[in-house]
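Scroll down for the structure; my scribbles are underneath it.
Derivation of every value follows stated rules applied to the coordinates shown; laboratory data play no part. The structure presented is a predicted model; accordingly, all values stated were derived computationally and were not measured. Because the Cβ atoms are built from the backbone with ideal geometry, glycine has one as well, and the counts that use them run over all protein chains shown.
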Amino acid sequence: MKVSAHMSTSPTVGEMQEHEALAASSRPSLHIRARQQQLCRKQTLGILLPCLELGSSSNTSHSPQSASTTVLKASLLRNELILTVDVFTKMLQNGMCPDNYTLPFLLKACARMQRCRLGELVHGFCLKLGFVSDIFVGDSLIDTYCAFDNVKRALYVFDEMPSLSAVSWMVMISGIAKVDNLDMARLFFDEAPGRDRGV
């Protein structure tokens, strides 16, 4: 009996078309939508700031560092690149020190925004903190410099890394090929130790 009552209240095709027309006519202009997105970004940052200011609360099961890393990753996945940088800045202002998991997210944001100078500043920060020898940070730096078409800097990071993974080789080879230096990419491919295992 309830099923038939539910079916009788479903909208007709005409009502659905009328609703769609009303929704289309009330859509905001591009300027208004851009402003709404900007406000939403600020509101999102405002909502997320308490996560970054947790401190060492005894009733939380996660550290503020892991909460910050989660927020960085979420903002990067949503392609909120400015928010990613804002969250990182707020993290530093709250006295949290980035680790080898937070820095790659910031480097990816720099690469996607094509902000070479910001990427170089983050590289300097990585040097200062001693994370350049970390495989995750090193691979992210190589990828960032390749995104800026700066193969010379990418090679410098590649050469300075104490240990290289298959990812390191793949990122370097694809970065060199991206700038149309196929001969050099082929040389790197031939030198890659794991080329028979997927490189």
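Here are the numbers for the structure shown:
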{"quantity": "Cβ-derived FRET efficiency at R0 30 Å, residue 121 paired with residue 66, nearest 0.05", "calculated": "0.75"}
{"quantity": "Tensor-based shape of segment 97-153 (alpha-carbon gyration tensor, a/c under 1.5 rounded, otherwise prolate or oblate)", "calculated": "prolate"}
{"quantity": "Extension gain, residue 101 back to residue 74 (0.36 nm per residue minus Cα-Cα distance, nm)", "calculated": "8.4 nm"}
{"quantity": "Greater than 25 Å apart at Cα, pairs in 128/178; 73/152; 108/128", "calculated": "128/178; 73/152"}
{"quantity": "Phi to ³J(HN,Hα) by Karplus 6.51 cos²θ - 1.76 cosθ + 1.60 over segment 153-166, Hz, x for Gly, Pro", "calculated": "5, 4, 5, 4, 4, 4, 5, 7, 6, x, 9, 10, 9, 4"}
{"quantity": "Cα gyration tensor category, rounded, prolate or oblate, for segment 122-199 with a/c compared to 1.5", "calculated": "oblate"}
{"quantity": "About the Cα centre, charge dipole magnitude for segment 72-133 (Lys/Arg +1, Asp/Glu -1 at Cβ), debye", "calculated": "120 debye"}
